[in-house]
Amino acid sequence: MKWQGRAGSGNIEDRRGMGMGLPIGGGIGGLVLLLLFSALTGQNPADLINDGGSDSVGTSGVQENDEQGQFVSVILRDTEETWSSVFQQRGATYQPPTLVLFTDATQSACGVGQSAMGPFYCPGDRKVYLDLGFFEELSRRFGAPGDFAQAYVLAHEIGHHVQTITGTEGQMRQMQRANPGSGNALSVRLELQADCYAGVWAARNKDRIEPGDIEEGLRAAHSIGDDTLMEAAGRRPVEAAFTHGTSAQRQQWLRKGLETGNEDACDTFADLQR
C-alpha cells in the first residue's frame, strides 16, 4: 500500500509506555484466547472491558522515526478525508475520532481496555484504541500479514465511529434492549456494516492500493470470522453465538464496500426497517 511520504493525522493520543498494569492479566499474548472466548460465549470483546475508569493523558501525535505510528497516522488521515467528503456530500460535517495508541492496558470511557481485547472503538468517548502489537498477532497467529490488512482493521474501527455519529449504533442498542434475544444477531449486522464501511474507504483511495492489497484485506476479514475462530478453538461453529459474522459474511460485506464505494450499499439493517 502506498502510504509513505504523505501527511498523517493530528488526532492521535499516544499513551504507549505509560506502564499501566493489566487488571485481568495477559498482554498481547492473550489476544487470541480472548477473541476465541468472545466467539464461543457470544460476547462482544468491547463488552469484556472492565467497568469504570477515566481517561489517561498521553502525548499528541507520533514521532517521525516511529514507522508503525506514522503508518496508522496516515491511514487515519485517509479515513478522515474519505468520511469528510461523504458527509459533505450529504450536507453534514464529519467529526473525526481520536486514535489512542497504548501498550498493554489503558483507561477509556468504556472502562479498562487492554491489548488482549484487540483494537476497539468506545462510543462513550468516541475514540479508537489500538495496541500496535496487534498487527504482529494479525500476521503471525491469524495468518493475515500486510499493511493493507492492518489498514482494514483500523478502517473497520473507524466504521464504528461513523455508526455512532450517524445514530446507527444507538438505534441498534435500542433494538437489542427491546428484543434481547436478537442481541447477537444485531451485533453481527453492526460489525458487517463496519466491514462494508472499511471497503468504502478503500474504494475511495484506489490510487493508493497496490497489487495484492485487496487480497490481504479479504484474508484478514476471513481470519477473524466467528466460525473460523470457533473452529480454531476446536469447537463446532454455533450461529446463535456469532457476534461479528462468519468469515464468508465479513468478506462479502468488505467486497460490497470495495465494489460500490457507496456507504448506502452498507445498510445491513434495511430489512428490519421496512
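Data table
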item: Extended-chain gain in nm, criterion 0.36 nm per residue less alpha-carbon gap, Glu67 and Gln89; result: 4.6 nm
item: Ordering of 255-262, 3-10 by burial proxy (mean other Cβ atoms within 10 Å per residue, highest first); result: 255-262, 3-10
item: Span from the segment 186-217 Cα centroid across to the segment 218-260 one, whole angstrom; result: 14 Å
item: Calculated log₁₀ intensity ratio I(q)/I(0) where the Debye formula runs over C-alpha points of segment 126-248, q = 0.12, 0.17, 0.23 Å⁻¹; result: -0.49, -0.95, -1.38
item: Footprinting exposure proxy for Ser84, Ser223, Ser115 (fewest neighbouring C-beta atoms within 10 Å first); result: Ser84, Ser223, Ser115
item: Separation of the Met18 and Arg140 label points, Cα + 7 Å toward Cβ, nm; result: 2.5 nm
item: Solution diffusion estimate, µm²/s, Stokes-Einstein, segment 101-171, Kirkwood Rh from C-alpha pairs, 25 °C, viscosity 0.890 mPa s; result: 192 µm²/s
item: Ranked list, fewest to most other Cβ atoms within 10 Å of each Cβ, for Leu132, Leu190; result: Leu132, Leu190
item: Distance (nanometres) between label positions extended 7 Å along Cα→Cβ at Ala248 and Ala7; result: 4.6 nm
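Laboratory data are not the source of any read-out in this text; all were calculated from the coordinates shown. Everything quoted here is computed from the prediction, not taken from an experiment. Positions of Cβ are generated from backbone atoms using ideal geometry, with glycine treated the same way; all protein chains shown enter the neighbour counts.
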